[in-house]
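Each remark here refers to the structure printed beneath this line.
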Amino acid sequence: MSKEYIVNKCGGGIMVPTLLPLVKKALAHQMRLGYAPIVVVSAVKDVTDTLIGFLVKTKQDPTAQNITNFIAQLRDTHEQLFGTLGESFDAVLKNLTKDIEAYARQSDSIELEAKIISYGEKLSALCAAEYLSEAGTPATPVFAENIPLLTDAVIKDANILYDQSEKNLQKYLSKINSIPVIAGFTGVSPAGAVTLLGRGGTDTTACFVGAAMRARRVVLWKDVGAVYSADPKLVKEARTIPFLSYDEVEEAGKIIQGKAVRYLRQYKIEAEVASLKNFKDKTTIRELKKAIPGARLVSFKKSLTLFSLSQGDARGYERLSEVSDLCARYKVNVVLIWNDPTNLHVVVEDTSGLLPELTAEVAARFPHIESTTVHMITIVGDFNWKDVNIFNQTLHKLDAKALMGACPYPKCLRMEGIVVAKNDVASLLRAMHKVFIFKK
């Protein structure tokens, strides 16, 4: 490929009037340096949730007037943000209207549901391309179906079929002479069904595009700063992390979607998490030839649920299989698993809103089970056994009845501790940050 590309991922928080001029400025800067920008966009903030919420209402009241009002509201939301929408926008809204009407007649169709949810990114791509073009930077909206970006048939958590999609993308973009603005989060199955790439799927689209086009870098633009060593709202000493390895990003879990990291690693594509307001405020993600010992960041997950169940006569893996199947059925995320001689412990995160139903079924199925609300403290970096001991000692000073500490193992890149929810998460976070990162 003769062009050297930079892929720019813009999340929903970026798609606002105050930040769009900064996006244009960043693209202009890249072009002055001789790069060819590609933009990958998420839906405008709250639009995806609005679409999902309306699908629920459509099941209850599928009247044409409600649909008409909803479409008008959706148009107004984008018009207020972007101004000029263009003819293509209204054409796509007409298609959305038809799909919602079809869903009202067939509300059990997961394919229609995914297709309707995907419109958030499509509308965002249309608006962003129109905005850039109106501002003197010609741009072309691109949908997954146009490329096509092929995935498997797992409709709501699809995986990209890399080899064929790479060829399709290279061929498609070779015909575009303006800036491509690609709708993220979506794909299309070999049978032609619209698919979704799962939570954080726009990251996956952007990193796939970066790998497929052998981009110079993928920039994940933020309206705030780069990646910090802790939540700066809770830890005033938190500092920008200058760089992270692919492994550390995977272990951290919140920075880039897990599926996205593998595309960066595949061709050693460098990524940046950067502030639109200050290009120098960034965290670089790249391959490190040699691991650098020590902690990079401290984070937490608050108000998780811990199931502790007696294994009885069954072996641990048998109970684990049953619990995992239930979590999958209710779309509840399993965060951590460990067992002792008498109990199996499973920490879960309510990612679907169905945790109460899961808890009720688990309690009915297993007679000896305890459910506890807990917090999880996590430190990411490159650690040795001494670090693990310090972590556990610190954890138990903060909570003498901590439920679980870190375990030593080869290539230790993450240390985790579980405490009951009565603990003050901010105090735990500050204490761990002081011991491992902000060392006076």
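Observations
- Shape call, segment 79-125: gyration tensor on alpha carbons, a/c limit 1.5: prolate
- Between helix 316-329 and the chain: long-axis angle, C-alpha atoms, 0 to 90°, nearest 10: 30
- The GluC sites (Glu not before Pro) of segment 236-273 meeting both criteria, a DSSP state outside H, G, I, E and B (loop) and at most 14 other C-beta atoms within 10 angstrom of the site's C-beta, are Glu237.
- In this entry, the chain is assigned a mean projected area of 23.3 nm², taken as a quarter of its C-alpha convex hull surface.
- The helix-only estimate of mean residue ellipticity at 222 nm for the chain, built from DSSP H runs of length n ≥ 4 each weighted as -39500 (n - 2.57), is -13000 deg cm²/dmol after division by the residue total.
- Rounded tilt (10° steps) of 355-365 against the dominant C-alpha axis of the chain: 40
- Tensor-based shape of segment 1-49 (alpha-carbon gyration tensor, a/c under 1.5 rounded, otherwise prolate or oblate): oblate
- The ranking of Trp221, Trp385, Trp338 by Cβ neighbour count inside 10 Å, starting from the fewest, reads Trp385, Trp338, Trp221.
- In loop segments of segment 271-310 as defined by DSSP, the trypsin sites (Lys or Arg not before Pro) with at most 11 further C-beta atoms inside 10 Å of their C-beta are Lys280, Lys289, Lys290.
- Cross-link pairs beyond the 27 Å C-alpha cut-off, checked among Lys57/Lys254; Lys259/Lys422; Lys25/Lys115; Lys236/Lys301; Lys115/Lys167; Lys3/Lys254: Lys57/Lys254; Lys259/Lys422; Lys25/Lys115; Lys3/Lys254
- Between 0 and 90 degrees, the angle of helix 47-60 with respect to the longest Cα principal axis of the chain falls at about 90 degrees.
- Peptides 157-164, 396-403 ordered by average Cβ neighbours within 10 Å, highest first: 157-164, 396-403
- Counting only DSSP beta bridges whose two residues both lie in segment 5-285, roughly 25 percent are antiparallel.
Here, each number is a calculation from the coordinates, and none is a lab measurement. This one's a predicted model, so the numbers in the text were calculated from it and none came from an experiment. Every residue, glycine among them, receives a Cβ derived from its backbone with ideal geometry; neighbour counts consider all protein chains shown.
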